[in-house]
Every structure is written in C-alpha cells, then in structure tokens.
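Chemist: Following this message is one structure expressed as structure tokens.
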C-alpha cells in the first residue's frame, strides 16, 4: 500500500490521469503525503502541465468520481493556486503520484 491506498486504487487514479495528455505530473500532498492520514482521509492531488485547463480539471474530477472510490479526491491545478502557504506545503511535503514519461 502506498499513501495508505490499495495499489488497485492508485492504479485506477493513475490510469484516469494518464488518459489526459495535458497532465504532465500529479503531486499528492496533505496527510497522505505526510504519512499521518486516517482511514477516511481525502486524497489531495495537484496537477502540473503547460496545457492544463479548467475543462481538463472538471473532466478528470468527473472521471475520478465515476471510479466510486471510498475517498474524496481534491483536485487542483498548481499554477492556479492562489495560496502561497499551500504552494509551499506542496513543494515541501508533496510526493509524485503520477508522472508522464517524457514530460
């Protein structure tokens, strides 16, 4: 288990991310990245990619919701975060969850 998640769940989320070529990388942050998560902790992911749009984010949120996983997934675009403290937290504790090869 990585990040307190079954490998099947990680693989399903990564597959959804991989279907969107605009997503170059996804960083996991928050309690799951720090290792102090609880059983029902949400999954905090922020996306990186030059071609990312809100449409991509919305499409991905819908796809991830359709996976019917028992955790809430909080999805953001790093470049659009307007909270310096959150950006600093992500840069400090974030762990690579998905990375497109050649990106």
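Chemist: Filter segment 68-98 for residues that are in contact with a helix residue (DSSP H, G or I) (Cβ under 9 Å, 6 or more places away or on another chain) and in a strand (DSSP E or B); which is nearest to residue 39 (Cα to Cα)?
Modeler: 73
Chemist: Please give the number of the condition residue 38 fails out of (1) surrounded by 15 or more Cβ atoms within 10 Å (Cβ to Cβ); (2) part of a loop (DSSP other than H, G, I, E, B).
Modeler: Only one criterion in (1) surrounded by 15 or more Cβ atoms within 10 Å (Cβ to Cβ); (2) part of a loop (DSSP other than H, G, I, E, B) is unmet by residue 38, namely (1).
Chemist: Residues to consider are 59, 44, 65; find the one that is in a strand (DSSP E or B) and either at pLDDT 95 or above or surrounded by 12 or more Cβ atoms within 10 Å (Cβ to Cβ) (or both).
Modeler: Testing whether each residue is in a strand (DSSP E or B) and either at pLDDT 95 or above or surrounded by 12 or more Cβ atoms within 10 Å (Cβ to Cβ) (or both) leaves just 44.
The values are calculated or read from the model by the stated rules, or taken from the named source; none is laboratory data. Computed from a predicted model, the values in this text were never measured in an experiment. Ideal geometry is used to build each Cβ from the backbone, glycine not excepted, and the neighbour counts take in all protein chains shown.
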